[in-house]
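To start, the structure under review is shown below, and the notes come after it.
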Amino acid sequence: MLTDRWTLQVATDDPAVVAGLDTFDTSFITYGTTAAAVWDAAKADPACVMAQAKAAALEMFLQTGTSITKARPWLRQAEPHLGKATERERLWHAQVSAWVDGDAETAIAICRDIAQRWPQDLAAVKMTQFHMFHVGDLAGMLDIAEAALPVHRHIAEMHGMLAFGLEEMNCLGEAEAAGRRAVEMKRAEPWAHHAIAHVMETQGRCAEGFDFMAGLVDTWADRNSFMLSHNWWHMALFAIDSDRPEVALKLYDDHVWGVWKEYSQDQVNAVALLARLEFAGLDVGNRWQDVADYIAARGPEHVEPFLDAHYLLGLTCAGREAAAATLLASLRDHVAHQDDRRLMGRIWHTVGLPLAEGVAAYGKGDWRTAFNRLKPALDGLQQIGGSHAQRDLFWQLWLRAGAHAGEIATVRPHLEQRMADRPGVAKHRRELAQLAQI
């Protein structure tokens, strides 16, 4: 037995394996670029259950159609050695196995158990938040962060996790304070930057938010593609809110799209930003085509409803009707085979499919179908994961579809409420003015 960076035992006698595990955990928590070290660690000691479990987890983080297929061999390789592993290692293996099997409820329960019994394992705390985020358990995200805080008060990333949990629960003042505490401890804490950006976005502090993020961009250069491109994405949202879409378009070209075009989250950022730029009246040229090339190359995957909805929007806005039709048909078949007694099965049935159908209709200009299909999905939208800011894309699609479908009386109160909630946001005034012209 050796001990990892959390001073917890790992069943291996190879220090290099522990070093690989520590590198993975550090990269995971800080959004670094060295997580792949765990694959070398797992190969170096096939009997190390923790290394195999985290190697499988990394496959799943990549969010491709082959992630599950690639994750299973790591987990199987660990099975003969579970008896010699520590209990924490066995539980890590069990929670990743549940994730691979599509059993979100079990994955969350096991992960929470690890985080509660070994709170010094900050990677388990982060993993618990990750699983909860993807099914919309926002209260759970905050609870697990608050429970771990006493053990990790000295770690900036802990305060960043707390800040995001608070923000998603709409505790905005506390969220900003926690985020700023993290940045005081460690200026290069991009998840804390991200949480503060969410607070400022929610409060309509457009200019302040843009300047705040602009003052930290130098700290993102060595972060992974998601964190790098997503924080720039938030800057672009501040520009759009200020009714400066041309600034947002430049950010799209220079920083948001092009870091890792094959990655799911980079594609999501691109689709969501291009749609918002078009909402603002900007001609985005052939940019949809470039994004759609990479989405089409994925083929039907159905990793998460959140991803499929973005993929369909990207394909339809690019005019890729055949690829979109293939994806939607495959999705309908996928949902038909989902067990609605499981959490993810219910989410696919009640939210994922109507959302996808509504998004596809929107992309084709079928406003009435888009308006009708998006509405039932909006009621449970939190369950598909994504942040408030990300999920708001689908509300904006519904509002615009409603306006084009002649449902002015239905959508106007929503737009007026947005204006009342964020009176300093210039784009809301433009949206209301546009409504009067439809």
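The values are calculated or read from the model by the stated rules, or taken from the named source; none is laboratory data. Treat the numbers as computed from the prediction; the structure is a model and nothing was measured. In this analysis, Cβ positions are derived from the backbone assuming ideal geometry, glycine residues included, and neighbour counts consider all displayed protein chains. Surface areas here come from the heavy atoms of the whole protein model, side chains and all, with no ligands, DNA or RNA. Shrake-Rupley method; radii C 1.70, N 1.55, O 1.52, S 1.80 Å.
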In the stretch 379-438, anything hydrophobic (A, V, I, L, M, F, W, C), more than 26 Å from Arg368 (Cβ to Cβ) and assigned to a loop (DSSP other than H, G, I, E, B) is listed as Val425
Taking the stretch 259-282 and keeping residues farther than 14 Å from Leu313 by Cβ and among the charged types (D, E, K, R) leaves Lys261, Glu262, Asp266
The correct count of residues that are in contact with a helix residue (DSSP H, G or I) (Cβ under 9 Å, 6 or more places away or on another chain) and in a helix (DSSP H, G or I) in the stretch 1-19 is 4
Among Met50, Met1, the single one that is open to solvent by 20 Å² or more (accessible area, probe 1.4 Å) and either at pLDDT below 95 or touching a strand residue (DSSP E or B) at 6+ places or on another chain (Cβ under 7 Å) (or both) is Met1
Going through the stretch 284-316 in order, the residues found to be touching a helix residue (DSSP H, G or I) at 6+ places or on another chain (Cβ under 8 Å) and without any contact (Cβ under 8 Å) to a residue 24 or more places away in the chain are none
Filter the stretch 299-324 for residues that are over 19 Å from Ala336 (Cβ atoms) and part of a loop (DSSP other than H, G, I, E, B); the one that is least open to solvent (accessible area, probe 1.4 Å) is Ala318
(1) part of a helix (DSSP H, G or I); (2) in contact with a helix residue (DSSP H, G or I) (Cβ under 8 Å, 6 or more places away or on another chain) all hold for Asp340 apart from (1)
Restricted to the stretch 404-428 and to residues being touching a residue at least 40 places away in the same chain (Cβ under 8 Å) and not hydrophobic (A, V, I, L, M, F, W, C), the residue least open to solvent (accessible area, probe 1.4 Å) is Lys427
How many residues of the stretch 260-283 are part of a loop (DSSP other than H, G, I, E, B) and crowded, with 18+ Cβ neighbours inside 10 Å? The answer is 2
Scanning the stretch 148-186 for residues that are of a type in the set (Asp, Glu) and in contact with a Leu (Cβ under 6 Å, 6 or more places away or on another chain), the one surrounded by the most Cβ atoms within 10 Å (Cβ to Cβ) turns out to be Glu168
Over the stretch 160-179, the set of residues within 17 Å of His234 (Cα to Cα) and of a type outside the set (A, V, I, L, M) is Gly160, Phe164, Glu167, Glu168, Glu176, Gly179
Considering the stretch 108-150, residues that are in a helix (DSSP H, G or I) and acidic (Asp, Glu), and then whichever is nearest to Lys186 (Cα to Cα), we arrive at Glu146
Pairing a residue in the stretch 205-226 that is free of Cβ contacts under 8 Å to residues at least 40 places away in the same chain with any residue that is in a helix (DSSP H, G or I) and open to solvent by 40 Å² or more (accessible area, probe 1.4 Å), where Cβ atoms lie under 7 Å and the two sit 6 or more apart in sequence or on different chains, gives none
Trp232 vs (1) free of Cβ contacts under 8 Å to residues at least 60 places away in the same chain; (2) farther than 19 Å from Asn269 by Cα; (3) open to solvent by 10 Å² or more (accessible area, probe 1.4 Å); (4) not in a loop (DSSP other than H, G, I, E, B): all pass except (2)
| said: Tell me whether the stretch 56-69 contains one or more residues that are of a type in the set (Phe, Trp, Tyr), open to solvent by less than 50 Å² (accessible area, probe 1.4 Å) and not in a helix (DSSP H, G or I). | reply: no
Exercise for the section: Confirm whether Asp290 is open to solvent by 10 Å² or more (accessible area, probe 1.4 Å) and either over 11 Å from Ala356 (Cα atoms) or out of contact with any Phe, Trp or Tyr (no Cβ under 7 Å at 6 or more places or on another chain) (or both). Expected result: yes
